[in-house]
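Here's the structure, in structure tokens; my notes come after.
The values are calculated or read from the model by the stated rules, or taken from the named source; none is laboratory data. None of these values were measured; they are calculated from a predicted model. We place every Cβ from the backbone using ideal geometry, glycine too, and count neighbours over all the protein chains shown. What goes into the accessible areas is simple: the full protein's heavy atoms, side chains included, and nothing from ligands, DNA or RNA. Shrake-Rupley method; radii C 1.70, N 1.55, O 1.52, S 1.80 Å.
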Amino acid sequence: MTDQQDFAEALLAAESTFPPGLSTWNGSDPGRRFAVYRNNVIVSLIDALADTYPVTQELVGAEFFRAMAFQFIQKNPPRSPLLAFYGEDLAAFIETFPPAASVPYLADIARLEMLQVQAYHAADAAPLDAGEISQLLANEPELPRVSFTLHPSLGILRSRHAVVSLWAAHQTDDVTAALAEIAPNTAEAALVLRAGLDVEISRIPVGSAAFIAHLQQGLAFAAAAQQASAADPEFNLAAALCLLIQGDAITSVSLSTTP
Amino acid sequence: MNKTITAASLALALGAAMTVAATPAAAQNKMSDKEHCYGVALKGKNDCKAGAGTTCAGTSMRDHQGNAWSMVPKGTCEKTLSSTSPTGHGQLKEFKEKKA
Amino acid sequence: MITSLSPFVGAAVVRRLPVRAGIGLKPEHFREILAAAPDVGFFEIHAENYMVDGGPFHHYLSRIRERYPLSIHGVGLSIGGESPLNDDHLDRLATLLDRYQPESFSEHLAWAGHGEVFLNDLLPVPYHAATLARVCSHIDRVQDRLRRRMLLENPATYVEFSASTMAETEFIAEIVRRTGCGLLLDVNNVYVSCVNHGRNPYDYIRALPLDPVAEIHLAGFAREVDAAGDPLLIDSHGAPVAQAVWDLYRYALEALGPVPTLIERDNDIPALSVLLDEAHQAERMLHGIDRHSREARA
């Protein structure tokens, strides 16, 4: 064990403790002073999670959220000095955390909030203009093989729960009234996309979400449309494309070599 | 079951999407079946927040001493349709850790 | 080799921060700063907050940077760490500094992570020969990689180590001698640490090498007591600068001459105008000293 390893382990320990080798000028208990560091580390990390996951926290209440976050931090302390994205794996943790099981949509709400943070800080990229997209129509036979590069901020979440409605209810003035209208166990899909400086979260049809997710994974135009039709009989390709075009979400097109 | 995707059907959809995207915003949302919400601005998380949240030491440890295993989520999750319906599955119960 | 003798060969000419007061740049104030263009000497950012690919943080910072001098202050490099410096992090820092060309770059005499784990706090280092060698080699590496002189900030600490064989001021003086780094004198940290360890903060400043000091930090602290009932001050960055710290600042300025000074606030961020008022208070002291020293020279 090195000195800093002892120190680090005591910082994240479940019970208040302190490492060997500390001294105080007045001979007072070093544990009391070490607790300042424990507090700084743990509270700042809990606060970082609370900043990233405000709706997740509102759903379960601050007391439960902070206690859950403490357990998460001990299991998954930050692995990077960049705290902006700390807690990417909170959703996975929630799914395995039995006390949260009574709120089955909690993990997907957390996923949506992390997508929002990722979209906020994602790279800037200029969209194709309408003229450039129109040119695709000039070469119709190649259209099935066209690949679309989508904006770096774009994220798709497909959930078995009413994630977007639940999230949106928390953006209103009267959260209780808005929530009373929501049946949580209704499948919804979210499109997360930065528009200018604002991250926009939209509820989109499940088929559109499948289509966009497949494009993002690199599938060509025809293949992505085929997959989306299979996923959702109601899939409306024109509406899905409209979402991307009006969201300035297409940043380049190319011809893929595989269909 | 699956519609056959032809180059012509792709072209048709793309043409339609281009037309709709060029129409006023209100019409667009209806056509694309999309609902809008806007997120809030984020703060920087790497700060020198010594004593974050509370002053320190004894008093503040309460902040993270709560045992989540004995807690029930008590937040807005209690307000949804299923939580208030007697047959809904959103009913909240305290989680009891199973002893092995 | 030659690099250790002249680590900044090829470094661009670095402009200096103006001898004025600055404030920390907070996202809460981005729009107001651009709209109102307040009269303030410079802005300081925490490097790690801007190590993201794009979006609003870079949008606003690049616009604000066009109009104001900039100081970049790292909180995650872990210069005092037993673990080797994180090369990826150093690369990200180099990219950020290339992009924004700040007038100043500073980091802490502290560690912030161990192994793979980042602890998000500025943690204390024992002061002895082995830690001195480690800190110096880390600073050499940072200055080589960034091709510029860095400023090292004195820490606020709550415990000391029985393994320490040197005073903090002695340790810092030796780092400066070996690495050629500059100093960021955090006057609040001096006050907090000295109270916490039963020392005289005025003696501390007298014992420090003052020539390398290129920036000063001022901030507020919180007051607690330790297990013996003695005061334990917490470097909270969540309150206005205390009178005792203003007094120590005046003393430091008299010894140093005027130095760019930052008002730090990371908790309970007040309205921009409140921070600007505190910066103006610091600037009045700076200018008073300035006038005083000019008169002395005349």
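Take the conditions modelled with pLDDT of 95 or more, within 24 Å of the chain's Cα centre (by Cα) and closer than 20 Å to B:L12 by Cβ and apply them to A:A224. Does it pass? Taking the combined requirement at face value, the residue satisfies it.
Quick check, is A:A123 within 14 Å of chain C (Cβ to nearest Cβ), among the aliphatic types (A, V, I, L, M), crowded, with 18+ Cβ neighbours inside 10 Å and free of Cβ contacts under 8 Å to residues at least 40 places away in the same chain?
Values: within 14 Å of chain C (Cβ to nearest Cβ): yes; among the aliphatic types (A, V, I, L, M): yes; crowded, with 18+ Cβ neighbours inside 10 Å: no; free of Cβ contacts under 8 Å to residues at least 40 places away in the same chain: yes.
No: the conditions fail for A:A123.
C:S193 satisfies every condition listed in (1) touching a helix residue (DSSP H, G or I) at 6+ places or on another chain (Cβ under 6 Å); (2) open to solvent by less than 10 Å² (accessible area, probe 1.4 Å); (3) free of Cβ contacts under 8 Å to residues at least 40 places away in the same chain; (4) within 18 Å of C:E264 (Cβ to Cβ) except (1). Please go through (1) facing chain B (nearest Cβ under 8 Å); (2) surrounded by fewer than 21 Cβ atoms within 10 Å (Cβ to Cβ) for A:P205 and return the number of the only condition it doesn't satisfy. For A:P205, the exception is condition (2).
This table checks each residue for (1) within 30 Å of B:T80 (Cα to Cα); (2) in the same structural domain as A:T186 (by TED's automatic domain parsing); (3) surrounded by fewer than 22 Cβ atoms within 10 Å (Cβ to Cβ).
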position	(1), (2), (3)
A:P20	no, no, yes
A:R33	no, no, no
A:K75	no, no, yes
A:A91	yes, no, yes
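Among the residues of the range A:224-259, just one is aliphatic (A, V, I, L, M), outside any helix (DSSP H, G or I) and more than 19 Å from A:H151 (Cβ to Cβ), namely A:L255. Exactly one residue among C:V241, C:V213, C:V274 is touching a Phe, Trp or Tyr at 6+ places or on another chain (Cβ under 9 Å) and either in contact (Cβ under 8 Å) with a residue 40 or more places away in the chain or closer than 18 Å to C:R20 by Cα (or both), and that residue is C:V241.
Within the range C:46-62, the set of residues being open to solvent by less than 10 Å² (accessible area, probe 1.4 Å) and more than 10 Å from chain B (Cβ to nearest Cβ) comprises C:G54, C:H58, C:L61.
Here is a yes/no grid of residues against (1) under 25 Å from C:D121 (Cβ atoms); (2) touching a residue at least 40 places away in the same chain (Cβ under 8 Å):
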residue	(1), (2)
A:S16	yes, no
A:P20	yes, no
A:I46	yes, no
A:V55	no, yes
A:A91	no, no
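Right, A:T96: within 18 Å of the chain's Cα centre (by Cα), among the hydroxyl-bearing types (S, T, Y), over 30 Å from C:D87 (Cα atoms) and open to solvent by 10 Å² or more (accessible area, probe 1.4 Å) or not? In short, yes. Take A:L112 and decide whether it is in contact with a helix residue (DSSP H, G or I) (Cβ under 6 Å, 6 or more places away or on another chain) and away from chain C (no Cβ under 14 Å). Yes: the conditions hold for A:L112. Being free of Cβ contacts under 8 Å to residues at least 40 places away in the same chain, open to solvent by 20 Å² or more (accessible area, probe 1.4 Å) and either over 22 Å from the mean Cα position of the chain (by Cα) or more than 14 Å from every other protein chain (Cβ to nearest Cβ) (or both) holds for only one residue in C:R67, C:R20, C:R15, and it is C:R67.
Being hydroxyl-bearing (S, T, Y) and under 23 Å from C:I79 (Cα atoms): is that true of A:Y53 here? No. Within the range A:26-51, the residues that satisfy the criterion of being at the interface with chain C (Cβ under 8 Å from one of its Cβ atoms) and touching a helix residue (DSSP H, G or I) at 6+ places or on another chain (Cβ under 8 Å) are A:R32, A:R33, A:F34, A:V36, A:Y37, A:V41, A:L45, A:A48. Restricting attention to the range C:114-141, the residues being within 7 Å of chain A (Cβ to nearest Cβ) and in a strand (DSSP E or B) number 7.
Among helices (runs of 4 or more DSSP H) entirely within the range A:3-95, having at least 2 residues that are aromatic (F, W, Y) singles out A:30-52, A:62-75.
A:S102 fulfils the conditions (1) more than 10 Å from chain C (Cβ to nearest Cβ); (2) assigned to a loop (DSSP other than H, G, I, E, B); (3) within 18 Å of the chain's Cα centre (by Cα); (4) farther than 27 Å from A:L191 by Cβ except for a single criterion, (3).
Restricted to the range C:181-216, and to residues there that are closer than 17 Å to C:G257 by Cβ and assigned to a strand (DSSP E or B), the residue that is nearest to the chain's Cα centre (by Cα) is C:L184.
Close Cβ contacts (under 9 Å, 6 or more residues apart or on different chains) running from residues in the range B:72-88 that are at the interface with chain A (Cβ under 9 Å from one of its Cβ atoms) and modelled with pLDDT under 65 to residues that are crowded, with 17+ Cβ neighbours inside 10 Å and in a loop (DSSP other than H, G, I, E, B) comprise B:S82/A:I182; B:S82/A:P184; B:S82/B:G90; B:S83/A:P184; B:S83/B:G90; B:T84/B:G90; B:G88/A:P184; B:G88/B:T80.
Checking the structure you have, find out if any residue of the range C:226-238 is away from chain A (no Cβ under 14 Å) and either part of a loop (DSSP other than H, G, I, E, B) or buried (at least 18 other Cβ atoms within 10 Å of the Cβ) (or both). No, the range C:226-238 contains no residue that is away from chain A (no Cβ under 14 Å) and either part of a loop (DSSP other than H, G, I, E, B) or buried (at least 18 other Cβ atoms within 10 Å of the Cβ) (or both).
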